[in-house]
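First up is the structure itself, then whatever we jot down about it.
The values are calculated or read from the model by the stated rules, or taken from the named source; none is laboratory data. Since the structure is predicted, the reported quantities are computational estimates derived from the model, not experimental observations. Glycine also receives a Cβ, built like all others from the backbone with ideal geometry; neighbour counts cover every protein chain displayed. All accessible areas refer to the heavy atoms of the entire protein, side chains included, with ligands and DNA or RNA removed. Shrake-Rupley method; radii C 1.70, N 1.55, O 1.52, S 1.80 Å.
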Amino acid sequence: MQIKIDENGNFKPTIVAFCCNWCSYAGADLAGTSRLSYPANVKIVRVPCSCRVNPLFILRAFQRGADGVILCGCHPGDCHYTTGNYYTRRRMTLLFNMLDYLGIERDRTRVEWVSAAEGAKMARVMNEFVARICELGENKRLEDLRCKKSLEE
Amino acid sequence: MQEIFGRIKKRAAELFADGTVTRMVGWQKGESDYDKTPAVFGPDMKGFVYDGFCGANLSKYLINLSKVEGRTLVLLKPCDSYSFNQLLTEHRIDRDKVYAIGIDCNGKLDINKIRALGVKGIRSVAEEGDEVVLDTVYGSKRVKRSEVLLDRCYCCKGKDHVAGDEFILAEKRVDTTTTDRFELVKKLEAMTPDERYEFWRGELSRCIRCNACRNVCPACSCVKCVFDNPALGTDSKANSDTFEENMFHIIRAFHVAGRCTDCGECSRVCPQHIPLHLLNRKFIRDIDELYGEYQAGAEVGQRGPLTDFAKNDAEPGATPDKGGKK
Ligand code: SF4
Ligand code: SF4
């Protein structure tokens, strides 16, 4: 079972962050080397480009126990592959609107553009996001009970 | 309708006779009068019918019929012609192997609406002008056509075809459009997330994962579908599990986003009466509001909104209603 409770008995969410290799992953790296802190429960998944993230990845993360999913990519216009993040932007806009339409909390999903030089932004965004998810509590509306079971065993 | 049917039959016979086509895809009587199913016919056209229950969109059958020898005659209602164009855009149909006749449509009937009026024990159905005559074990009943149409017909895209080699149309065309297709979407958007969640739980939890909505969808034309992967985790129907349903329905709707012509077939075939079109229309509405109005299938060769972008697109999180930055 994942540890969702910290030593003080408070809810400790699991966050999945998809970070593009060229900007955001480097941004997260910079946050680390600059000794800026962001919560350890943010699990980073490195992707070649934010455009690599299929909507299914996001849903799958929720299924496997994420309480929030954040997608970080290069700023529009700065994509390593020129236009990848423009497609991401449309795709995620529609996906997030759909989640909201189904009544799944909008704040559980987020897209942020973080460049390789923005270590401080990375730390801030992650702290903000984790704080928001803590307020929202555990993900109940996109959970997969079967996955929870198998995690408990 | 009877007159149109006669004209279609006559014209089809001519096309068979002069060798233009070798087969025709149309409708035949299924298990009952109100159950008309798609079928492929030879020159004798045995069992071919066209009436108010021929709601099925035939365009998807052309994918497989494009792969066989000879040319196929297809009958397209106005809404089907959009799907036909969309399939052409996606190179799923060989245009040279199809001869398309755009046929008249005065709205298709919904048997569930007829039943909801308390009509039971239906033995046969006939149409007389703007009335439907039902012969039941309890006697004869008449209902107004305009009261029992499929939901999609009340927000019909219009009775003009966007594709076709020729057309067989009635002299007096019936307009069935009465409502704004986004009415319910807007209503849902105005509700609180909790209310929306309740609403969708009530609808989606009935899903038996029969995949009818996917199979019938002309936009769902992938050779290998993501839902055929048993490891996906959506094909066993575990009760009490919110995820499977949401996953299945989000993915199904997302895969057709920007390509869905809003033909309404998914909702028509759903045995559980789940309003799937409300998911598709949410995407259509967002696309219209955020990226400019777009009707999939209006023309052949259009570039879909999800395979395109603008430098100043809205940021994720911006909703049309909430005054999102454009
Ligand atoms: S939507 Fe329009 S064209 Fe399609 S079946 Fe209904 S009335 Fe006919
Ligand atoms: S047709 Fe209806 S019941 Fe069948 S899979 Fe689709 S939504 Fe579920």
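Tabulated values for the structure
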quantity	calculated
Mean-position separation - Cα centroids, the range B:82-151 and the range A:31-69, in angstrom	49 Å
Calculated FRET value between B:Gln28 and B:Glu299, using beta carbons and R₀ = 22 Å, to 0.05	0.10
Neighbour cut-off at most 16 other Cβ (10 Å), DSSP loop, GluC sites (Glu not before Pro), the range B:171-210	B:Glu171
Per-residue HN-Hα couplings for the range A:84-94 [Karplus 6.51, -1.76, 1.60; θ = phi - 60°; Hz; x = Gly/Pro]	x, 6, 5, 5, 4, 4, 5, 4, 6, 4, 5
Between A and B, accessible area buried - total, square angstrom, nearest 100, 1.4 angstrom probe	3800 Å²
Theoretical FRET efficiency, 1/(1+(r/R0)^6), r = Cβ-Cβ of A:Asn127 and A:Arg52, R0 22 Å, to 0.05	0.30
Sum of -39500 (n - 2.57) over DSSP H runs of 4+, divided by residues of chain B (222 nm, nearest 500)	-9000 deg cm²/dmol
Cα Rg, Dmax, chain A, angstrom units	15.2, 46
Within the range A:77-153, trypsin sites (Lys or Arg not before Pro) in DSSP loop having at most 14 other beta-carbon neighbours inside 10 Å	A:Lys140
Length added when fully stretched, B:Thr192-B:Asn229, from 0.36 nm per residue minus Cα-Cα	9.9 nm
Apportionment of accessible area to carbon and sulfur, the range B:183-322, percent (1.4 Å)	53 percent
Listed pairs B:Lys186/B:Lys224; B:Lys9/B:Lys29; A:Lys140/B:Lys187; B:Lys46/B:Lys224; B:Lys36/B:Lys113 exceeding 26 Å between Cα atoms	B:Lys186/B:Lys224; B:Lys46/B:Lys224
Surface accessible to a 1.4 Å probe, per residue, for the residues of the range B:173-318, Å²	43 Å²
Most mobile of A:Val45, A:Val125, A:Val114 in a GNM of chain A (Cα contacts under 10 Å)	A:Val45
Rounded to 10°, Cα long-axis angle of helix A:24-33 versus longest principal axis of chain A	80 degrees
Inverse mean reciprocal Cα-Cα distance (Kirkwood Rh) of the protein assembly as shown, Å	24.7 Å
Residue-averaged [θ]222 nm for chain A, counting only DSSP H segments that reach four residues, each worth -39500 (n - 2.57)	-13000 deg cm²/dmol
